[in-house]
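Here is the structure we will look at, set down as structure tokens.
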Amino acid sequence: MIAQDQLIHVTLPDGSVREYPKGSSGLDIALSISEGLARNVLAAKVNGKVQDANLPIDTDAEVQLLTWNDRDGKATFWHSSAHLMAEALEALYPGVKLAIGPAVENGFYYDVDFEGRHFSQDDFKKVEDKMLELARQKSEYIRKPVPKADALTYFEEKGDPYKIELIQGLEDGSITFYTQGGFTDLCRGPHIPNTGFIKAAKLMNVAGAYWRGDEKNKMLTRIYGVTFPKQKELDEYLHLLEEAKKRDHRKLGKELEIFTFSERVGAGLPLWLPKGALIRERLENFLRKAQVRAGYSPVVTPHIGSKQLYVTSGHWEKYGEDSFKPIRTPDVDEEFLLKPMNCPHHCEIYKSKPRSYRDLPLRLAEFGTVYRYEQSGELHGLTRVRGFTQDDAHIFCRPDQVKEEFMKVIDLVLYVFKSLGFNDYSAQISLRDPENGTKYIGSDDLWEKAESAIIESAREKGLPTVTEKGEAAFYGPKLDFMVKDALGRKWQLGTIQVDYNLPNRFELEYVGADNQKHRPVMIHRAPFGSMERFIAILIENTAGNFPLWLSPDQIAILPISEKYEDYANELFFALQEGDIRGFVDLRDEKIGRKIRDAEVTKVPFMLIVGEKEQAEGKVSVRRKGQGDLGAMTIDEFTALFQQEVKP
């Protein structure tokens, strides 16, 4: 019989509570549930923090056993795989110097100094083979705390300057090594139980990367890889990548003439071509109409703001390094920033006149362009840019209105997703990091109120949710909507955030029914997130086959020969009157070529006109992906079009 003071209470994700001896590990808990689960456990999340599955748990805790099906489980698997690749590199390239090797969204990388030796894709196969050879040894990942002096001595003897520099920045007592097989690395962890879980490995890419991201430092070789617990899963992943290449928004954006970039304009600053501008305009008009129905008022704010504005908001302190450098004017001590966020400007609009409790909620909406200095190596098409437009809005409300307003925003986000065919989504409740309060502003009391409002609203709406600690914005918790696209990839799109802090920092007030001054609460929301990222995801999700209402060219009128051009133009002008967009293909090409070109450029409807169509006052209609729909009058085609075009 174990004494009560030697027992701990473990709360599992389903809400059940079990008793275990103090010092039990995640693996012990898994074994008590089933041997099958224990065989698949990669790590354990204890009170929100991921740790090795074999580490002891000494206090009452919330415990989630992580497998390959969990995001944190995959991250642990891939971090361990980075160590395995490093072990293989040391075996194949004696004397190689290792920098850092984290998990990333789809796999891992390691930054390596080959000291002048060449490494290319031709070397991938031998590294992959060595990784699998080492993995089959089923070496345990063994964690060991190491005094700082001993850690420095170890890597000084090994001659690894990168690890020495990292250790010098760490506090004594916080340093751990991990060893698997004959390889030891400086690492916080966590790691999977042993290398035997890794059954399939593929190196994906090799690139240059400055040590610590500083171009003044040495250029290292960054090797990207991915691993899986089954070869079949790797094969499926590689097939998915091939499909993704066909849908890559950078490739399709160029082919469909949606956007471009110019070195003279600057990296990360997209230029929207006429067709792309039409798509943006349609999306903005769609949301504007929905916002008007929901009681939002449009506002417009400048592209720059006084640096002091962002000092007040806290953005300068938290994001100053990620902003463009201040713009200095001839006036002494006058500095401006390219706008990194819209919310401080909206706070000043709220503050422009006295407000009463009867004025609330006040909903201010803006398609506001913001600027952030992303590192050049992180720029990626439209998904990571330096200038982007947010479908931003801020709701200023009384504390008693927060929950109702939050739920209305959820409804708006779901309406947007449904209209655009994003039916597979989940919601991520992003909370504070309990281990690091310095990342945030505001009191614990205000944070608890904000977090409770989000959790209760999501529960009442019946949203499928996951909770992630440490993912909150610096001023408040948020509800992020994760959308799964046609290839099964997850993207973060819409976001809603509850903020008690900016109203405090800007000293926002309203006069209550008691004739006293009170602080409003602020809700930040952006259903699209950013127009750039949203359109990139839309391009890839649809493979460029946009919904009819969004297609920049909805019809192509294709005359069989120049004899029917006048009739084609007459039809075109008639359709334009009905707000149907497109063009007449007047090229001196055979009709088969015109049809193929319209298919390639993703035009939804092709209207073919020749002698018979002209004589009967009709068009032959062809629908992309469906083929011929037969001859129709313009009225019949317009009726068909109107049925399909509504979002």
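Remarks
- Each residue of the stretch 179-195 is assigned a 3J(HN,Hα), and the resulting list reads 10, 9, x, x, 10, 10, 9, 6, 6, 7, x, x, 9, 6, x, 7, 5 Hz, derived from the Karplus form 6.51 cos²θ - 1.76 cosθ + 1.60 (θ = phi - 60°), x at Gly and Pro.
- Listed residues ILE223, THR195, ALA207: farthest to the positive end of the dipole of the stretch 72-244 (Cβ charges): THR195
- In order along the stretch 296-313, phi translates into HN-Hα couplings of 8, 10, x, 9, 9, 10, x, 7, 10, x, 4, 3, 4, 4, 7, 5, 4, 6 Hz, rounded to whole numbers, per the Karplus curve 6.51 cos²θ - 1.76 cosθ + 1.60 with θ = phi - 60° and x for Gly and Pro.
- Helix axis angle, 565-577 relative to the chain longest principal axis, alpha carbon, degrees: 60
- Shape call, the stretch 263-414: gyration tensor on alpha carbons, a/c limit 1.5: oblate
- Angle in degrees between helix 124-135 and the longest Cα principal axis of the chain, rounded to the nearest 10: 40
- Counting all C-alpha pairs of the chain, share separated by more than 50 Å (%): 23
- Secondary structure note: in the stretch 555-645, about 55% of the DSSP beta bridges are antiparallel.
- Proximity of backbone amide H atoms, modeled 1.01 Å from N, is registered between SER323 and TYR373 at under 5 Å, excluding neighbours fewer than 5 places apart on the same chain.
- Residues LYS126 and ASN423, FRET efficiency given R0 of 35 Å [Cβ-Cβ distance, rounded to 0.05]: 0.20
- For ALA473, nonlocal amide neighbours, meaning residues 5 or more places apart or on other chains whose placed amide H falls under 5 Å from its own, are LYS478.
- Working note: 222 nm ellipticity from helices only, DSSP H runs with n ≥ 4, each -39,500 (n - 2.57), summed and divided by the residues of the chain, gives -10500 deg cm²/dmol to the nearest 500.
- Exposure proxy order (Cβ contacts within 10 Å, fewest to most) of PHE259, PHE114, PHE183: PHE114, PHE183, PHE259
- Annotated for the stretch 76-150: lysine pairs at least 8 residues apart or interchain, Cα distance under 27 Å, count 10.
- Straight-line cross-link reach from LYS318 at under 20 Å between alpha-carbon atoms covers these lysines, not counting any fewer than eight positions away in the same chain: LYS307, LYS339, LYS439, LYS469, LYS478.
- Once you reduce the stretch 246-324 and the stretch 391-440 to the center of their Cα atoms, the two points are 20 Å from each other.
- Under 18 Å from the Cα of LYS254 - lysines, other chains or at least 8 residues apart: LYS245, LYS246, LYS275, LYS602
- Crossing angle, helix 531-542 versus the chain [Cα axis fit, 0-90 degrees, rounded to tens]: 80
- Tensor-based shape of the stretch 84-171 (alpha-carbon gyration tensor, a/c under 1.5 rounded, otherwise prolate or oblate): prolate
- Prolate/oblate/rounded label for the stretch 9-160 (Cα gyration tensor, a/c 1.5): prolate
- J(HN,Hα) series, the stretch 595-608, from Karplus relation 6.51 cos²θ - 1.76 cosθ + 1.60, nearest Hz, glycine and proline x: 5, 4, 5, 5, 5, 4, 8, 6, 6, x, 10, 10, 10, 9
No lab work stands behind these numbers, since they all come straight from the coordinates. Here the structure is a predicted model, which means the values were calculated and not measured. Please note: Cβ atoms are built from the backbone with ideal geometry, for glycine as well, and neighbour counts cover all protein chains shown.
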